[in-house]
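Please read the structure below before turning to the comments.
The values are calculated or read from the model by the stated rules, or taken from the named source; none is laboratory data. Treat the numbers as computed from the prediction; the structure is a model and nothing was measured. Note that we place each Cβ from the backbone using ideal geometry, even for glycine, and neighbour counts take in every protein chain shown.
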């Protein structure tokens, strides 16, 4: 059972991370725990995230809930802030990926992508707002993807969900500025986590472009974004050189050229 926040806990910055049992979420939790933050580690698998918390050490609070369930969010936030007395940062990291030809992915799976990747982030932002407003200088960081920059065959619905997260981030960053709350998203390309197995199976673009980012790279970017707020310009943080080149190309190149490049990558997939 959670204990009420004491003076020392209330003085310590607090971050709540979803999807924290493994991969990028675990790396983010380890980074912030190592820097002395109180880290709320939440995942749909409560036992796995509890084990992860023990492995990384630091001051942690753990729990399990499904991000598609608003009531689960309410319980997690109430439990976490009862311990910390504050919410400096919400990291919407939980997400899933199914890859392959659009017609080959069942509607049930397509809908699950939308539920977790879009509704999960929406639920988190909406339910966390009262807690964020009570904490001066609070922030939200959403994990998006470079696939949000241009539609990619094999990742059609996944990319669409991340594009929605990107758009939501932009809107909330503007809408919540009068509360003093910054909202950012991170857009990495391919990251060396277990999720890459699914990407490789459904779309060989990772083999074409290479996997050049680790979970620790993304965690470091989250840390920098959170702790260098004034240095971050705009709502979107491009993670890795490949993502920066991709973003520049889509902004500066004509649409036909972007389409040609994506088509070339897709053609390479079939070779």
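Checked against the criterion of being touching a residue at least 40 places away in the same chain (Cβ under 8 Å), within 20 Å of the chain's Cα centre (by Cα) and not in a loop (DSSP other than H, G, I, E, B), the candidates 53, 27, 94, 48 yield just one match: 27.
Selection of segment 152-177 for residues being touching a helix residue (DSSP H, G or I) at 6+ places or on another chain (Cβ under 7 Å), within 17 Å of residue 122 (Cα to Cα) and assigned to a loop (DSSP other than H, G, I, E, B) yields an empty set. Return the residues of segment 159-175 that are within 13 Å of the chain's Cα centre (by Cα) and more than 14 Å from residue 92 (Cβ to Cβ); say none if nothing qualifies. Correct list: 163 only.
Every residue, every condition in (1) at pLDDT 95 or above; (2) closer than 19 Å to residue 142 by Cα; (3) surrounded by fewer than 18 Cβ atoms within 10 Å (Cβ to Cβ), yes or no:
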{"position": "30", "(1), (2), (3)": "yes, yes, no"}
{"position": "45", "(1), (2), (3)": "yes, no, yes"}
{"position": "56", "(1), (2), (3)": "yes, no, no"}
{"position": "70", "(1), (2), (3)": "yes, yes, yes"}
{"position": "91", "(1), (2), (3)": "yes, yes, no"}
{"position": "108", "(1), (2), (3)": "yes, no, yes"}
{"position": "111", "(1), (2), (3)": "yes, no, yes"}
{"position": "114", "(1), (2), (3)": "yes, yes, yes"}
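Would you please name the residue that is nearest to residue 123 (Cα to Cα), looking only at residues in segment 30-45 that are out of contact with any helix residue (DSSP H, G or I) (no Cβ under 6 Å at 6 or more places or on another chain) and not in a helix (DSSP H, G or I)? Top of the filtered list is 44.
Of all residues in segment 121-151, those satisfying the criterion of being touching a helix residue (DSSP H, G or I) at 6+ places or on another chain (Cβ under 6 Å) and surrounded by fewer than 19 Cβ atoms within 10 Å (Cβ to Cβ) are 133, 150, 151.
The set of residues in segment 80-96 that are out of contact with any strand residue (DSSP E or B) (no Cβ under 6 Å at 6 or more places or on another chain) and under 17 Å from residue 43 (Cβ atoms) comprises 95, 96. Suppose the filter is part of a strand (DSSP E or B), buried (at least 17 other Cβ atoms within 10 Å of the Cβ) and free of Cβ contacts under 8 Å to residues at least 24 places away in the same chain; does residue 63 pass it? Here the answer is yes, as residue 63 does meet what is asked. The number of residues in segment 67-91 that are in contact with a helix residue (DSSP H, G or I) (Cβ under 7 Å, 6 or more places away or on another chain) and in a loop (DSSP other than H, G, I, E, B) comes to 5. Only a single item in (1) in contact (Cβ under 8 Å) with a residue 60 or more places away in the chain; (2) within 26 Å of residue 232 (Cβ to Cβ); (3) buried (at least 18 other Cβ atoms within 10 Å of the Cβ) is not met by residue 118, and it is number (1).
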